[in-house]
Amino acid sequence: MIGMNERQPNPDQSEKLYTATVTLTNKIGLHARPAIQLTKLAKRFSSQIQIKTASNSPWIDAKSIVQVMAAKAPRGTRLEIAVNGDDAREALQSLLDLIQNDFGEKPADTPELETESGHVASRGIAIGKAVMIQHRIHDQRPADSIETESGLLLDSIESVKTALSALIRNADKDIADVLEFQLALVQDKTLIDPALAAIRDGSSAPSAWVQTIDDQLRHYKESDNAYFQGRSSDLADLKQQVLNHLHDETESLPTLSEDTVIVADDLAPSDFAMLDRRYCKGIALKKGSINSHVALVARSRRIPMLVGLQTIAIKADSTTILDAIEGRLIGEPSLEVLAEFRRRMAIEERQIKAQQKYLTAVPTLPSGERIYVDINVGSLDDLKQVSAEHCDGIGLVRTEFLFTGAAKMPDEETQFQAYKKLVEWAGDKPVTVRTLDAGGDKPIAGLSEKNESNPFLGVRGIRLSMLNLDIFRNQLRALVRASTFGNLRIMLPMVTIPGELENARRLLAEILEQLRGSDPKLERPPLGIMVEVPAVALCIDDFDADFFSIGSNDLIQYITACDRGEPKIAHLYRGANRAVFELIRKTIDCGRSAGKPVSLCGDMAAQPDYIDALVDLGLRHFSVSPADLARVKATLCARNENAVNDA
């Protein structure tokens, strides 16, 4: 496949070339993820590497993700490769190996393994004894009197409230927050009143409770909504807890005494709170969601987790490998396979430790241009995970934490104190605060619209705020006041048309004028928007925002028409999609030409496969979770260390 040829793709080159022609045989050709893999591999070599997709097409730089994806080379394309430089032979052979192996799409030949496939909810590898968790199925019984059944239900609910309160007192903060959400649910009359009504209609307390919760679960599951899918496990957990009390039974979880992989249909937050996390090394769920509370906590604690396993044939107490990198659950592996995964785990641990030194690093391009890495914040507690010295600011503050689970809407002073703490923590570094993004995947009791047929396409984000101006005004007033204590910026979520931005700007101007009555020196904070709706990304130059922040999670969801919480279509919900890259590139180019900052604060910003491509697209501002900060900075620094300036 490798031959010498005196032809030059570039007349400026004087050395001989190594050239080859190879046919693309992978399913999707040189699109998206394969393009990322090819450019990433090409950048490892100092040689100039060029490709062309037809005899009459121009040569393109194989190290440019923009050029490679623009080539649109489908399966069956005969790809010409020309390499010139000191390591040309090695570079060409490596590229041929990648392409001929279908970019890794060919499944590994591991017939000896008992393997189940799932979706990664928390990245990592775990090895341990498989421990099964199953909940009781209670039999139905005839109803007694209305008074007796009503009393039983209310007593059981009170018992669950007491038990949850006890768990909250003894739980770590992240788990306590989840349990407080459940406590708020079980106190909600919209759950209790329908059950009492069913009892008055002749149902027993257990039947009435099951009917009420199942109605709610059906609404959540039929909404095609990632957040509701995630919250369904919280409701199912409450259903089980109350049923246990109604039947005067208690459930105890297995006592963990050695490294364990928990295997279950689903795992409730209250179950997770009672597990001994010293021994809980991994979680494998037949159902579950990447957006469940348990998944969020698992990620924050670096506990590997798989969800959406269609079948689970793993035997109880058997040695099990949970590979939450490639999405596999492996039962009863051979000694050789165990040794290989232990080696991989050791490498992962060394990498995590090695990445910590990059917390103080300042990523740059070979040209010296800075790359900024901010953090995403979901609560004030997130600030404890990282020092302000280690990041370039806060790229996203999710203000929903002030509203979720609260007995009432937070007033202006409550919000002001929270925002003040954020900007004081950051010092002179920017703090981008997103206004309330309620609705859609983040319903808030007493505020979100009820019974929407499709909440993700309904009243959410800025749409909901503009319909609740009293609440929106309080938030804007608190933000303007807090801006005097630091470098605060305001960001609007779910913007769809320029008019929404203009209406918010006018409202902000009115509030600023009012507040200047007591503080004439007040200035308007920069006002930006989230770019998460394709209509915005396609016409980004219509929006006169001070800055843009790309919300890749929703942008991917709307572009691909995929609920990211649905395991059956997880293969379609991918950032490695040419349409996604095109809209990200368009947004970055618009910001650059207008001199306005553009950041990306979705999951793509923390994924190694995408970081290199995003930098090639022109992205210079990343915003990631505190847990991902060191790894992302390490990836960016390694990119610079390995890069070759071909200019």
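The values are calculated or read from the model by the stated rules, or taken from the named source; none is laboratory data. For clarity, every value in this text was computed on a predicted model and none was experimentally measured. Here Cβ is always computed from backbone atoms with ideal geometry, including for glycine, and neighbour counts include all displayed protein chains.
Of the residues 322, 329, the single one that is under 21 Å from residue 268 (Cα atoms), out of contact with any Pro (no Cβ under 6 Å at 6 or more places or on another chain), buried (at least 17 other Cβ atoms within 10 Å of the Cβ) and in the same structural domain as residue 273 (by TED's automatic domain parsing) is 329.
Scan the range 545-574 for residues that are farther than 19 Å from residue 32 by Cα and either touching a helix residue (DSSP H, G or I) at 6+ places or on another chain (Cβ under 7 Å) or modelled with pLDDT under 90 (or both) and the total you get is 7. What about residue 546, is it farther than 17 Å from residue 596 by Cα and free of Cβ contacts under 8 Å to residues at least 60 places away in the same chain? No: the conditions fail for residue 546.
What are the residues in the range 593-618 that are at pLDDT 95 or above and among the charged types (D, E, K, R), if any? Correct list: 596 only. The set of residues from the range 421-438 being charged (D, E, K, R) and closer than 26 Å to residue 463 by Cα comprises 434, 437.
At least 2 residues being at pLDDT 90 or above is the threshold, and among the strands (runs of 3 or more DSSP E) wholly inside the range 98-207 those reaching it are 124-133. Only one entry of 346, 354, 418 meets the criterion of being at pLDDT 95 or above, small (Gly, Ala, Ser) and in a helix (DSSP H, G or I), and that entry is 418.
For every residue, the table says whether it meets (1) free of Cβ contacts under 8 Å to residues at least 60 places away in the same chain; (2) hydrophobic (A, V, I, L, M, F, W, C).
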{"site": "317", "(1), (2)": "no, no"}
{"site": "322", "(1), (2)": "no, yes"}
{"site": "336", "(1), (2)": "yes, no"}
{"site": "349", "(1), (2)": "yes, no"}
{"site": "360", "(1), (2)": "yes, no"}
{"site": "366", "(1), (2)": "no, no"}
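For the range 370-379, indicate whether the set of residues that are more than 24 Å from the chain's Cα centre (by Cα), modelled with pLDDT under 95 and of a type in the set (Gly, Ala, Ser) is non-empty. Looking for residues that are more than 24 Å from the chain's Cα centre (by Cα), modelled with pLDDT under 95 and of a type in the set (Gly, Ala, Ser), one finds none in the range 370-379, hence no.
Among the criteria (1) surrounded by fewer than 24 Cβ atoms within 10 Å (Cβ to Cβ); (2) touching a residue at least 40 places away in the same chain (Cβ under 8 Å), the one residue 266 does not fulfil is (2). Pull up the range 45-65, narrow it to residues that are in contact with a helix residue (DSSP H, G or I) (Cβ under 6 Å, 6 or more places away or on another chain) and not hydroxyl-bearing (Ser, Thr, Tyr), then point me to the one that is nearest to residue 618 (Cα to Cα). Looking at residues that are in contact with a helix residue (DSSP H, G or I) (Cβ under 6 Å, 6 or more places away or on another chain) and not hydroxyl-bearing (Ser, Thr, Tyr), I get 65.
Within the range 12-66, being surrounded by 15 or more Cβ atoms within 10 Å (Cβ to Cβ), assigned to a strand (DSSP E or B) and modelled with pLDDT of 85 or more holds for 18, 19, 20, 22, 48, 49, 50, 51, 52, 60, 61. Consider the range 78-95 and keep the residues that are in a loop (DSSP other than H, G, I, E, B) and surrounded by fewer than 18 Cβ atoms within 10 Å (Cβ to Cβ). The one that is modelled with the lowest pLDDT is 86. Condition test on residue 178, is it more than 20 Å from residue 158 (Cβ to Cβ) and in the same structural domain as residue 241 (by TED's automatic domain parsing)? For residue 178, the condition - more than 20 Å from residue 158 (Cβ to Cβ) and in the same structural domain as residue 241 (by TED's automatic domain parsing) - is met.
Only one of the numbered conditions (1) in contact (Cβ under 8 Å) with a residue 40 or more places away in the chain; (2) part of a strand (DSSP E or B) is violated by residue 525, and that is (2).
Remark: residue 344 matches the filter, which requires a residue to be surrounded by fewer than 20 Cβ atoms within 10 Å (Cβ to Cβ) and closer than 26 Å to residue 288 by Cβ. Could you list, in sequence order, all residues of the range 66-92 that are farther than 18 Å from residue 26 by Cα and in contact (Cβ under 8 Å) with a residue 24 or more places away in the chain? Within the range 66-92, 66, 82, 83, 84, 85, 86, 87, 88, 89, 90, 91, 92 qualify. Quick check on residue 303: is it closer than 30 Å to residue 389 by Cβ and buried (at least 23 other Cβ atoms within 10 Å of the Cβ)? When the stated conditions are applied, residue 303 passes them.
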